[in-house]
Amino acid sequence: MKWTEASVVPVRVFSTDEVSDLVRRDGAAILTGVPDERTALSAGLRSLGTKGVRIGRQIEATQRNEAAQARAVAEQPSDDKGRKRAFTLATERMPPHNDGYAFGDFAPDHLFLWCERPAAVGGDSFLVDTSRLLDLFAADPDNADMIPFCWNVAVDHSEPNYPQDRLQPLVRLTPRGRFQGRYHPYLSAADGPTRERDRTFVRRWEHAVLSARDHGPMFRLEAGDLLCIDNYRMLHGRDSHNDPRRRLCAIWGWSTDAVSLPEGALDINDPWAAAASPTGA
């Protein structure tokens, strides 16, 4: 199976007016010529149009910051399933993921990655379209059994030691009709009599996602590029690098299409420290 067909290289555009249509069609777009973070925030909010609710910087991705976050998380214990949180260092290839996966329904529905300075070597980006991944499963008779599992069987989306309040399937339509497909490295089959069977389906989903990342095309974000992503549909990440001068800002955006809107800031190091309530966006 050519899982690489789910890999996406986004179109580059020069106008914010073009971004929203491309993100809706392709799942992502790159807006070029964005000179600073303030402009990136403004462009991101403008791309959400009248549906925009909130936008703000979540992470400043530098080699130093990533190392500090990794050290902090490394001190946290394993959970009762033996799972342990680990944050990726700059010198490691990232696992594909939707940003904010630790927060469940409070995760942003839009993600913007503004590149101030790329790595001299490495650090290229990748995107995996979970909607396309589902189509590839459906088109293969040997994998067609994945479709009812992905849509109908609830799995554990939580991080180690940070359980979420409900189990949910791998893919779904949100209450406002948005497609959402999810992956992160801590996905786990739910406890119960079908756990071992369900585990094999989760691993098959993981295999397809990682194959798309490892064998599909990557692309480079240059200085001033703003990568605009449908965070419900697309998985993203970057390749390894070893450049302490690389700087990228991750900006989270919520629209009226978001499942839930957190009341306060979200802390990826300690998800339970976030001020969140089950309020619809």
_Residues within the stretch 240-259 that are over 27 Å from residue 54 (Cα atoms) and open to solvent by less than 30 Å² (accessible area, probe 1.4 Å), tallied_ = 2
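Give 264, 237 a once-over and let me know the one that is over 22 Å from residue 153 (Cβ atoms), surrounded by fewer than 20 Cβ atoms within 10 Å (Cβ to Cβ) and under 16 Å from the mean Cα position of the chain (by Cα). So that I can check it myself, show each step before the final result.
Details: 264 fails: under 16 Å from the mean Cα position of the chain (by Cα).
Matching residue, one of 264, 237: 237.
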*Run residue 200 past the list (1) under 29 Å from residue 81 (Cβ atoms); (2) open to solvent by less than 50 Å² (accessible area, probe 1.4 Å); (3) among the polar types (S, T, N, Q) and report the number of the one that doesn't hold.*
(2)
*Within the stretch 143-154, work out how many residues are touching a residue at least 60 places away in the same chain (Cβ under 8 Å) and open to solvent by 40 Å² or more (accessible area, probe 1.4 Å).*
0
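Rundown of residues vs (1) open to solvent by 50 Å² or more (accessible area, probe 1.4 Å); (2) within 21 Å of residue 109 (Cα to Cα), yes/no style:
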{"position": "7", "(1), (2)": "no, yes"}
{"position": "18", "(1), (2)": "yes, yes"}
{"position": "26", "(1), (2)": "no, yes"}
{"position": "29", "(1), (2)": "no, yes"}
{"position": "35", "(1), (2)": "yes, no"}
{"position": "39", "(1), (2)": "yes, yes"}
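Every residue in the stretch 41-84 that is touching a Gly at 6+ places or on another chain (Cβ under 9 Å) and not charged (D, E, K, R), please.
Within the stretch 41-84, 41, 44, 45, 47, 48, 52, 53, 55, 56, 58 qualify.
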*With (1) touching a strand residue (DSSP E or B) at 6+ places or on another chain (Cβ under 8 Å); (2) in a loop (DSSP other than H, G, I, E, B); (3) under 28 Å from residue 13 (Cβ atoms) as the list, and residue 186 as the residue in question, which single condition is left unmet?*
(3)
_Where the second residue is modelled with pLDDT of 95 or more and assigned to a helix (DSSP H, G or I) and the first is closer than 20 Å to residue 28 by Cβ and among the β-branched types (Val, Ile, Thr) and lies in the stretch 44-72, which pairs have Cβ atoms under 6 Å and are six or more apart or on separate chains?_
55/41; 55/44; 55/45
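Collect the residues in the stretch 57-95 that are among the small types (Gly, Ala, Ser) and in contact with a Lys or Arg (Cβ under 6 Å, 6 or more places away or on another chain), keeping them in residue-number order.
Of the residues in the stretch 57-95, the ones among the small types (Gly, Ala, Ser) are 61, 67-68, 70, 72, 74, 78, 82, 86, 90.
Residue satisfying the conditions is 78 alone.
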*asked:* Could you check the stretch 59-80 and list, in sequence order, the residues that are under 19 Å from the mean Cα position of the chain (by Cα), charged (D, E, K, R) and assigned to a helix (DSSP H, G or I)?
replied: 66
*Mind listing whichever residues of the stretch 50-76 are within 27 Å of residue 255 (Cα to Cα) and among the hydrophobic types (A, V, I, L, M, F, W, C)?*
53, 55, 59, 61
*Which of the residues that make up the stretch 5-58 are under 28 Å from residue 90 (Cβ atoms), touching a Pro at 6+ places or on another chain (Cβ under 9 Å) and assigned to a strand (DSSP E or B)?*
7, 28, 29, 30, 55, 58
*Kindly indicate whether residue 213 is in a helix (DSSP H, G or I), crowded, with 20+ Cβ neighbours inside 10 Å and of a type outside the set (Phe, Trp, Tyr).*
yes
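Can you find, within the stretch 173-183, the residue that is surrounded by the most Cβ atoms within 10 Å (Cβ to Cβ) among those that are in contact with a helix residue (DSSP H, G or I) (Cβ under 7 Å, 6 or more places away or on another chain) and not in a loop (DSSP other than H, G, I, E, B)?
Of all residues in the stretch 173-183, those in contact with a helix residue (DSSP H, G or I) (Cβ under 7 Å, 6 or more places away or on another chain) come to 179, 181-183.
Remaining after also requiring not in a loop (DSSP other than H, G, I, E, B): 179, 181.
Values: 179: 15, 181: 24.
In this case the residue turns out to be 181.
Just for the stretch 110-141: of the residues that are assigned to a loop (DSSP other than H, G, I, E, B) and either open to solvent by less than 40 Å² (accessible area, probe 1.4 Å) or aliphatic (A, V, I, L, M) (or both), which one is farthest from residue 54 (Cα to Cα)?
Step one: of the stretch 110-141, the residues assigned to a loop (DSSP other than H, G, I, E, B) are 118-121, 123-124, 140-141.
From the residues that got through so far, the ones that are either open to solvent by less than 40 Å² (accessible area, probe 1.4 Å) or aliphatic (A, V, I, L, M) (or both) too are 118-121, 123, 140.
Numbers: 118: 27, 119: 29, 120: 33, 121: 34, 123: 28, 140: 40 Å.
Checked the stretch 110-141; the qualifying residue farthest from residue 54 (Cα to Cα) is 140.
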*What about residue 166, is it exposed (fewer than 14 other Cβ atoms within 10 Å of the Cβ), modelled with pLDDT of 95 or more and basic (Lys, Arg)?*
no
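The values are calculated or read from the model by the stated rules, or taken from the named source; none is laboratory data. These numbers were taken from a predicted model, which means no experiment stands behind them. In this analysis, Cβ positions are derived from the backbone assuming ideal geometry, glycine residues included, and neighbour counts consider all displayed protein chains. What goes into the accessible areas is simple: the full protein's heavy atoms, side chains included, and nothing from ligands, DNA or RNA. Shrake-Rupley method; radii C 1.70, N 1.55, O 1.52, S 1.80 Å.
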